[in-house]
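The values are calculated or read from the model by the stated rules, or taken from the named source; none is laboratory data. Treat the numbers as computed from the prediction; the structure is a model and nothing was measured. Don't worry about glycine lacking a Cβ; one is built from the backbone with ideal geometry, like all the others, and counts go over all protein chains shown.
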Amino acid sequence: MTELIFPLFGATIVFSVVVPPLTVAARLLLAAAPDRKCCIDRHGSSLRYMLIVGPTIGPVLWLVSAAAHQSEEGAPLAVCIAPYFGVEFCRDVVLFALVLSAVPLAGVGYGISSFRGPNIHKPVSKSSAVVDRVRRVCARHPALAPIARRVCVVDRNFAPVCTSGVLHPVVEIAADVADQLSDEEIEAALLHELEHTRARDPLRLLVARLALSINPLGRILEAEFERYWFAREAICDRRAVQLGADPLSLASGIVAVARTGSARARAEALSGHGMDGIRVRIHLLLDSANRRPAPPRRFASVGFLTLVTPLLIVLPHVSGTGPLDVLHYGVESCASLVGII
């Protein structure tokens with residue numbers, strides 16, 4: 001039982017004492033950002049995303065990496081108050097890493113298994129006319145042709161048109177919706193979803209929902225996350241137009257999808273964010289219809305995430321594990337004072 005004192009109480013302190021101040025600081029930084037009416041790119045930036053998920057994911061990554069470093073062969077046992085005779089490393093540090101990572105890993109497993117909701121897609125027969133039609137639309141566009149195999153026409157789904165799959169995202173379009181859309185509208189919708197797959201947006205969505213759900217103060221960042229995700233939809237609209245989608249066809253497709261699939265649509269779907277969000281996106285598309293779109297830009301799929309995550313993992317091995325040592329010593333000192341150890 002002694003070995004469980006630091007893992008259980010240490011993890012509790014992380015989520016109840018460390019994460020909340022970081023969340024408040026992130027909320028203040030987001031509130032101090034430029035006015036909410038500023039350009040869509042700022043609301044959908046990787047920096048804003050990191051401020052939303054960082055207060056939870058950052059400490060967990062750093063502490064788990066630091067615990068792994070302390071459990072390496074030859075790591076000092078001086079910080080351990082609990083006696084571990086004949087043991088070359090502090091076992092409760094390993095247990096602490098397991099407990100600390102158990103909650104996020106459980107959330108990831110649940111998210112992957114239930115990402116599509118209760119109605120898992122049922123692919124339509126490859127010989128179906130609607131499948132042939134979607135294939136022709138993909139074949140005639142240079143950006144869609146390479147990913148044609150990742151476009152799936154489904155019989156039923158939790159959203160009429162969406163990108164699903166965390167590790168290998170695919171574009172799913174419901175057969176009944178495809179029947180009601182013109183070729184130009186299907187092309188525009190698929191180009192919109194293509195940008196979601198390129199940016200790994202299902203992964204971003206899963207990580208953000210996980211971070212907010214295990215954060216005790218996650219509710220104060222929910223509005224910022226909704227604003228960020230709406231900006232992502234608007235950015236995908238714009239990039240679809242840059243890739244050659246007709247803005248009017250994309251606008252009419254969004255309206256058609258919202259009309260036919262309002263009961264199934266969710267925030268990550270083509271017609272998500274409700275009627276107010278759709279009106280704003282239609283306004284932006286109509287505005288872009290009057291201007292010549294700029295060429296598409298190359299961008300990192302996960303932005304700052306690819307830079308910050310390895311940094312958080314490597315940092316304890318380079319600069320030391322001071323904060324973890326303080327947490328470890330403090331928890332076991334308090335346990336010793338009350339006679340538990």
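Annotations
- Within the stretch 236-247, the set of residues being surrounded by fewer than 19 Cβ atoms within 10 Å (Cβ to Cβ) and part of a helix (DSSP H, G or I) comprises GLN242 only.
- Residue within the stretch 140-159 that is under 21 Å from the mean Cα position of the chain (by Cα), modelled with pLDDT under 80 and polar (S, T, N, Q) present: yes
- Some residue of the stretch 315-322 being at pLDDT 60 or above, under 24 Å from the mean Cα position of the chain (by Cα) and outside any loop (DSSP other than H, G, I, E, B): yes
- Contact map, the stretch 6-21: residues that are farther than 21 Å from SER336 by Cβ paired with residues that are of a type in the set (S, T, N, Q) and surrounded by 15 or more Cβ atoms within 10 Å (Cβ to Cβ), Cβ distance under 9 Å, separation 6+ or inter-chain. Pairs shown: PHE15/THR56; PHE15/ASN215; VAL19/THR56; VAL19/ASN215; PRO20/ASN215.
- Here LEU51, LEU98, LEU28 are screened, and the one residue that is surrounded by fewer than 18 Cβ atoms within 10 Å (Cβ to Cβ), modelled with pLDDT of 80 or more and within 22 Å of LEU312 (Cα to Cα) is LEU98.
- Test: residue in the stretch 173-190 that is within 26 Å of ALA139 (Cα to Cα), within 19 Å of the chain's Cα centre (by Cα) and of a type outside the set (Gly, Ala, Ser): no
- The sole residue among VAL207, VAL257 that is out of contact with any Gly (no Cβ under 6 Å at 6 or more places or on another chain), farther than 30 Å from ALA32 by Cβ and modelled with pLDDT under 90 is VAL257.
- Set LEU250, LEU221, LEU212, LEU194: member being in a helix (DSSP H, G or I), surrounded by fewer than 23 Cβ atoms within 10 Å (Cβ to Cβ) and among the aliphatic types (A, V, I, L, M): LEU212
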